[in-house]
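Inspection log for the structure reproduced underneath, given as structure tokens.
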Amino acid sequence: QAGCETPRAAVARRNRGKRGPNNGVSTCYRRAASDILCPAMRTRVKICGITREQDALEAVRQGADAIGLVFYPPSPRCVTPDQAAAITRRLPPFVTVVGLFVNADHASVADAVAAGRIGLLQFHGSECPTYCGEHGRPWIKAIRMQDGVDLARAAADYGDAAALLLDAYRPGLPGGTG
């Protein structure tokens, strides 16, 4: 996998310049390097735009790992913090609740986080990396794919993000279009 090093390479890098038998590098491995340093990635399913408790529960019954709640007032799928609390109150404990925001102020994010069990924030606007990290939760940054987008630069700029979400670009619409 790209960006992963083998256990042998990791030990060799740590032990450069040190003396000793094999410089601490073992010659026997029972597990593949990707199992140790880059665990297998599993596809996770998030159903976004949930507006009713019964839809959230059905999404989980159908195998969703996460549900997304939209806190962007212009969206027809927007929910209030009180609605979010009602939607999430009966979800099983290992379902991640994702709060989606577009250029929201700090108070709006704080209100949504306080009202429900939001475990992950997802930012779809022009939020800077510092802002994204100021809310006490792991976060995802959506990158709208269009000509001129430099993903390597975005990955560097948003290096503290739990993930980058590559989203469709549609002029005038901040996300969720594909």
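The values are calculated or read from the model by the stated rules, or taken from the named source; none is laboratory data. Fair warning: this is a prediction, and the values are worked out from it, not measured in the lab. Glycine gets a Cβ as well: all are built from the backbone with ideal geometry, and neighbour counts include every protein chain shown. Heads up: the accessible areas ignore ligands, DNA and RNA and are worked out on the full protein's heavy atoms, side chains in. Shrake-Rupley method; radii C 1.70, N 1.55, O 1.52, S 1.80 Å.
Details
- The protection proxy used here, the mean number of other Cβ atoms lying within 10 Å of each residue, ranks peptides 68-74, 123-129 as follows, highest first: 68-74, 123-129.
- Among beta bridges that DSSP assigns inside the stretch 58-177, antiparallel share in %, nearest 5: 5
- Placing a pseudo-label 7 Å from each Cα along the Cα-to-Cβ vector at R90 and R42 gives an inter-label distance of 2.5 nm.
- Taken per residue, the accessible surface of the stretch 31-169 reaches 55 Å², heavy atoms only and a 1.4 Å probe.
- Protection proxy ranking, highest mean first, for peptides 112-119, 42-49: 112-119, 42-49, where packing is the per-residue count of other beta-carbon atoms within 10 Å, averaged.
- Each semi-axis of the equivalent ellipsoid for the stretch 52-102 is √(5λ) with λ an eigenvalue of the Cα gyration tensor; in descending order they amount to 19, 11, 10 Å.
- Label zone at A163, where the point sits 7 Å out along the Cα-to-Cβ direction: the stretch 116-140 residues whose backbone N lies under 16 Å: 119-124, 138-140
- Expressed as a whole percent, the accessible area of the stretch 79-157 that falls on carbon and sulfur atoms is 54 (1.4 Å probe).
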